[in-house]
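Q: Pasting a structure here, questions to come.
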Amino acid sequence: MAIEVAPLPLPPSADPSKFADFGREVKGVSPGTLTPEQFKEIEQLLYKHSALLFRNAELTPEQQYALTKAFDPSSESYGHGNNKTGETKKSILHPDLKTIPRVPQVQLIGNGTVYDHEGLAEAKLKHPSHTTFHKTKVSEEDEAKGVTRFYRWHIDAALYDLSPPKVTTLYGITVPRGQKQVCRYDDGTGDELEVPLGTTAFVSGRTMFELLPRELKSLAVRSRVKYAPHPYVWMAPAHAKPTGLGIETEGLEMALDELPPWEQAKVKVFPLLWKNPVTGGLHFQVHPCGVCELFVDPLPAGAAREGALYPDGAHLTDLGLVRDLMYRMQRPAIAPSLVYPHDWHEKDLVLFHNRGVLHSVVGAFKPDQVRAFHQCNLAASDDPVGPDAEDVKKYA
Ligand SMILES: [Fe+2]
């Protein structure tokens, strides 16, 4: 049977014109047993459409690992490294991850207590909640009415030492059904978005770039961001903004000399824009929580200086300023009409281009609402590629 594709079902909140290329449901193939030819087709589809959905998928952890690895055959270890060392104990990611013993690259994530699962006698899972991460939280009364927030907009990446995974695979095994919730932005805009319970929300990094006015496109195409060493440990004492899009600047980050041992050579500096290997499009890919500095190249010869930001280049080290600039560039793309909130069903498999989208956990479960997902991504064999000379010429 040939591979068939259909658009993803968009909620009424989404602006269909902004999702023409984004997301496809794939039918007619079994994702766990793809032939090499079928895989090639899926790989092209993923880079073109950023997220692929397979419904009613049968997928063992071994098959999920093999499928994820096929996108980057020389990648080997889980995208955040292993959790065996004390080094990651203080990381904010630590409590969210449980490893499948047989296939340690696949993580069990979810909510509630799962028994006798793939070699795990008992796993206590906790769906991350904004209440432990944001500076402010939704009141208990509002939470009881189903009001929630985006937890944290992010790319799946260690952002230190390891390279950002190319693809993440998420497989829904136990999916509790429940009332829809209202995701409130609480940033003074009045923005809110109706979401299915426990949705994973996606936005396109390509749209994030394309929305920008000319002067910010010019800044983005010329800039690289530096991430803090061990960023998830560094940010652990700090609090996020109410949109989940980055950290409030309160001076709470851990001092660099309090962090676990780190080396300058492993600190990551990435372009703001990552070039899509199939379409050549530029995706605005910044993990806003981990950023600490910004390097801006000067305008290229011949570019118009009028209205340009940092025409002679800059190295910005003021954390508040760097975060404000990122927020100004990223916030427009998480507007309600630009978010795809996936409505999970059991046996849904979602593959997403981790170097082309940002995503967020959303919502809150009660302890007795059991949810079990398998997640896999692999630290990549290379770093993302930034804009080329043509791109700089076009946008600077
Ligand atoms: Fe993630």
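None of the figures in this text is laboratory data; all of them are computed from the coordinates on show. The model shown is predicted, which means the values in this text are computed figures rather than measured ones. Reconstructed Cβ throughout: ideal geometry from the backbone, glycine too, with neighbour counts over all protein chains shown.
Q: Counting other beta carbons within 10 Å of each Cβ, put Asp368, Asp156 in order, fewest first.
A: Asp368, Asp156
Q: Order of Trp262, Trp153 from fewest to most other C-beta atoms within 10 Å?
A: The order, fewest Cβ neighbours first, is Trp262, Trp153.
Q: Within straight cross-link reach of Lys347, meaning Cα distance under 25 Å, which lysines are found once same-chain residues fewer than 8 apart are removed?
A: Output for Lys347: Lys27, Lys40, Lys48, Lys69, Lys98, Lys124, Lys126, Lys166, Lys180, Lys366.
Q: Let me ask something else about it. Would you give the gap between the C-alpha center of the range 237-281 and the C-alpha center of the range 310-332, rounded to a whole Å?
A: The two parts, judged by their Cα centres, are 13 Å apart.
Q: Quick one: grab the alpha carbon gyration tensor of the chain, order the square roots of its eigenvalues as a ≥ b ≥ c, and give me rounded if a/c is under 1.5, else prolate or oblate depending on whether a/b is larger than b/c.
A: Verdict is rounded for the chain.
Q: Continuing with the same structure: Just want the ordering: Arg355, Arg214, from fewest to most Cβ atoms lying within 10 Å of their own Cβ. Could the numbers behind the result be given before it?
A: Working: Arg355 26, Arg214 11.
Sorted ascending by nearby Cβ count, the order is Arg214, Arg355.
Q: Something else: I'd like the distance separating the alpha-carbon centroids of the range 1-32 and the range 374-396, in whole Å.
A: Answer, in whole Å: 24.
Q: Per the helix-only calculation at 222 nm, which mean residue ellipticity applies to the chain, given -39500 (n - 2.57) for every DSSP H run of n ≥ 4 and division by its residues, nearest 500 deg cm²/dmol?
A: Counting only the DSSP helices, I get -4500 deg cm²/dmol.
Q: Quick one: compute the contact order of the range 184-258, relative version, from alpha carbon pairs under 8 angstrom and 6+ residues apart, as a percent.
A: On the way: 43 pairs, mean separation 19.8, N = 75.
Result for the range 184-258 is 26 percent.
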